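Asks: Okay, here's the structure, questions in a sec.
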Amino acid sequence: MTMIADRLREGRDLLRRGAWADARKVFTVALEASDDPAAAEGIASASWWLENDTEVTARYEDAYRGYRAAGDDRGAARVAAWLGNGALQLRGEAAVAQGWFQRAERLLADLPEGEEHGLLSLFKGMAARFRGDVEETDELAARAVEIGRRLGSPDLEVQGMALTGMARIGQGKVADGMRLLDEAAAAALAGEVREVGSVWIPTCYLVQGCEQVRDWDRAEQWRARVMDFCRRFDLGSPFSRCRTHYSTILLWRGDWAAAEAELLHAAKALRIQRPMFAAEAWVRLGELRRRQGRWEEAADLFALSRSLPAARIGQAELRLDRDDPDDALDLAGRLLEAIGGAERGPALEVFVRAGVRTKDPDVVATAVDELAEIAHASGVEAVEAAALWARGVHRAALSDTAQAIPLLENAVELYERAGGPYDAARTRLDLASALLASGRPGPAAEEARAAQDVFERLGATADARRANRLVGRAHSAPTAELTPRQVEILRLLAVGLTNAEIADRLVLSEHTVKRHVANILARLGLPTRTAAVAYGSRVGLL
C-alpha cells in the first residue's frame with residue numbers, strides 16, 4: 001500500500017504542475033495495482049485537460065462508486081460535483097448536472113466544512129451563470145470565496161472571485177466586475193494558486209469579460225500573459241477558446257487577416273476537442289465573413305451557431321445588409337426579450353440600426369436611452385461611442401441634423417480613440433448622410449470618402465461600395481449653396497489671393513470679403529480656406 005500511496009502523491013503533484021499526460025500514466029499504474037478510487041479520480045482529472053471526455057466521465061463514475069463503497073462521503077461528493085460540472089461544461093446537460101450537484105449537496109450536508117463545499121458552490125455558480133441567473137451566480141460565487149478564505153484555499157478564493165466578477169458584469173456593475181477579474185487573474189498568474197488548472201477560470205473569464213464589455217485596451221494589456229500561460233501548459237480547448245475570444249480583439253482593431261487565422265485554427269481544434277464550444281469560433285468567423293461581404297458564407301456560419309446571441313445579432317445585421325430593416329428589427333427585438341446584462345449592448349445597437357431605417361424611427365427611443373445607461377455604467381470608450389452613435393442616428397432619422405451631426409462627430413472620434421476603425425467608418429457614413437441631409441454635400445463627400453478608404457483597406461467590400469455610392473450622391477448634390485459672389489471669391493482664394501487683394505480686385509471693402517469668406521466656410525461646414533478650395537476643386541466650382 002505504501003507504493004500506491006506514493007504513486008497517488010506523485011500523480012497529484014504532477015496534476016498541480018500541469019503535467020497532465022505524466023499524471024495520467026502514474027494514476028493508471030496505481031489503478032492497475034489497486035482499486036483505490038483516488039487513482040480513478042486522478043485519471044479523470046488528467047483526462048479533463050487531455051480532452052478525453054469519455055474517460056473523464058467513466059473514471060469519475062468509477063471513483064464515485066469506489067468512494068461510496070468505502071463510506072467516504074466527502075470523496076464521493078467531490079467527484080459528484082465534478083461529474084455535474086462535466087455534464088454541463090462538456091455536453092450542456094443541465095438536468096444531469098443538477099442531479100449530480102444535488103447528490104453532492106446531500107452527501108456534504110452533515111460533514112464539517114471543507115473545500116468540497118466551496119467547490120460545489122463554485123460549480124453551481126457556473127451553472128447559474130450558464131442559465132443566465134446572475135443574482136444566484138453572485139451569491140454562490142461569494143460563498144466559494146468565503147469558504148476559500150476560511151480554509152486557506154487560494155484556488156477556491158481566486159476562482160470564486162473571477163466568477164463574482166462575471167456576475168457583477170451581468171448585473172451591470174461593469175467597473176466592479178472588471179476590477180475583480182483583474183485581481184483574480186493577477187493572483188492566479190503570479191502563482192498564488194496551488195494548481196495550474198486553477199488559473200484557467202480567472203484568465204478565461206477575464207478575456208470573456210473584456211470581450212463582453214468591449215474593453216479592448218484591457219484585453220490587449222492582458223493578452224500576452226494569458227496566451228503564454230495557455231501555450232506553456234498545453235491547455236488544449238481552453239487555449240482554443242482563448243484564441244476565439246482574442247480574435248474579437250483583432251477584428252475590432254482591424255487586423256482581419258490575423259483574426260481569420262486565429263478563428264480558423266480555433267474552429268478546427270474545437271471541432272475535435274470540444275464540439276460544444278466550436279460555435280463560439282463559427283459565430284465570430286461569420287461576423288468576419290459578413291464584414292467582408294461574403295454574405296452566404298456568413299449566413300451558413302450563423303446557422304451553425306444559432307444558439308448564441310451573437311449569431312442572432314449577426315443574422316439581424318445580414319438582414320440590414322440585404323436592405324430588410326423590418327425583419328432585422330423583429331429579430332433584434334426578439335433577442336432583446338431573451339437576454340440581459342452586458343450582452344444587451346450589441347443587440348440594442350443592431351435594434352437601433354434597424355429601427356432608424358423603418359418608417360417609425362421613434363421605436364428605438366427606449367433602446368437609445370438604455371445604451372446611454374450602459375455606457376455610463378461601463379466607462380468604456382467603445383461603449384460610450386456606441387451610445388453617442390445611437391443618439392446621433394436617432395436624431396438624424398427624426399430630421400434633427402443640428403443635434404445629430406455633433407453627436408456623430410464625437411462618436412467617430414471616440415471609436416477611433418478606442419482603436420475601432422470599422423465602427424468608426426460605419427459611423428462616418430451615418431455622419432455623411434446627416435451632413436448631406438443638412439445641405440452640406442462637401443463635408444458629406446469628405447466623410448464618405450474617408451469611410452470608403454478604411455473599408456477598402458480592411459477588405460469590407462460591401463461597405464466600401466455603399467460608401468462609394470454616398471460619395472457619388474454628395475458630389476451630384478446641387479452646389480447652389482454658394483452664391484455667385486461666393487463662388488467668385490472662392491476662385492480667387494484658389495489662386496492664392498489674400499482678403500486685401502480680393503477686395504481690391506472686386507472693388508469691395510476688406511471687411512466685406514472677410515465676411516464672405518466666413519459665410520463660405522459656414523455654408524460648406526469646413527474649417528479652413530484650404531479645405532474650402534479643395535472642396536471647390538473636387539466639385540468643379542473652380
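The values are calculated or read from the model by the stated rules, or taken from the named source; none is laboratory data. All values reported here derive from a predicted model rather than from experimental measurement. Cβ atoms come from the backbone with ideal geometry, glycine included; neighbour counts cover every protein chain shown. Quick note on the areas: whole protein, heavy atoms, side chains included, nothing else; ligands and nucleic acids left out. Shrake-Rupley method; radii C 1.70, N 1.55, O 1.52, S 1.80 Å.
Asks: Residue check: is Leu264 outside any helix (DSSP H, G or I) and either buried (at least 22 other Cβ atoms within 10 Å of the Cβ) or at pLDDT 85 or above (or both)? Before the answer, list the steps.
Replies: Numbers: outside any helix (DSSP H, G or I): no; either buried (at least 22 other Cβ atoms within 10 Å of the Cβ) or at pLDDT 85 or above (or both): yes.
Here the answer is no, as Leu264 does not meet what is asked.
Asks: Go through (1) modelled with pLDDT under 95; (2) open to solvent by 10 Å² or more (accessible area, probe 1.4 Å); (3) assigned to a helix (DSSP H, G or I); (4) not aromatic (Phe, Trp, Tyr) for Ile169 and report which single condition fails.
Replies: Just one mismatch for Ile169, condition (2).
Asks: Right, next: Based on this model, can you work out whether Asn410 counts as closer than 20 Å to Val350 by Cα and free of Cβ contacts under 8 Å to residues at least 60 places away in the same chain?
Replies: Spelling it out, Asn410 is indeed closer than 20 Å to Val350 by Cα and free of Cβ contacts under 8 Å to residues at least 60 places away in the same chain.
Asks: Would it be correct to say that Ser198 is modelled with pLDDT of 80 or more, more than 30 Å from Ala425 (Cα to Cα) and either out of contact with any helix residue (DSSP H, G or I) (no Cβ under 7 Å at 6 or more places or on another chain) or not acidic (Asp, Glu) (or both)?
Replies: So Ser198 fits the description; yes.
Asks: Would you be able to say whether some residue in region 406-413 is in contact with a Lys or Arg (Cβ under 7 Å, 6 or more places away or on another chain), part of a helix (DSSP H, G or I) and not basic (Lys, Arg)?
Replies: yes
Asks: Restricting to region 188-212, give me the number of residues that are open to solvent by less than 30 Å² (accessible area, probe 1.4 Å) and within 22 Å of Glu139 (Cβ to Cβ).
Replies: 8
Asks: If we keep just the residues of region 368-401 that are touching a residue at least 40 places away in the same chain (Cβ under 8 Å) and not in a helix (DSSP H, G or I), which is least open to solvent (accessible area, probe 1.4 Å)?
Replies: Val380
Asks: Kindly establish whether Ala338 is surrounded by fewer than 21 Cβ atoms within 10 Å (Cβ to Cβ) and within 22 Å of Phe455 (Cα to Cα). Give the steps one after another, and end with the answer.
Replies: Numbers: surrounded by fewer than 21 Cβ atoms within 10 Å (Cβ to Cβ): yes; within 22 Å of Phe455 (Cα to Cα): no.
When the stated conditions are applied, Ala338 does not pass them.
Asks: Another question, if that's okay. For region 483-542, how many residues meet the condition of being assigned to a helix (DSSP H, G or I), at pLDDT below 85, surrounded by fewer than 16 Cβ atoms within 10 Å (Cβ to Cβ) and hydroxyl-bearing (Ser, Thr, Tyr)?
Replies: 1
Asks: A further question on this structure: Just checking, does region 240-249 include any residue being out of contact with any Leu (no Cβ under 9 Å at 6 or more places or on another chain), at pLDDT 90 or above and open to solvent by less than 30 Å² (accessible area, probe 1.4 Å)?
Replies: Start the filter on region 240-249 by keeping residues that are out of contact with any Leu (no Cβ under 9 Å at 6 or more places or on another chain), which leaves 245-246, 248-249.
Pick out the ones that are also at pLDDT 90 or above and you get none.
For region 240-249, residues out of contact with any Leu (no Cβ under 9 Å at 6 or more places or on another chain), at pLDDT 90 or above and open to solvent by less than 30 Å² (accessible area, probe 1.4 Å): absent.
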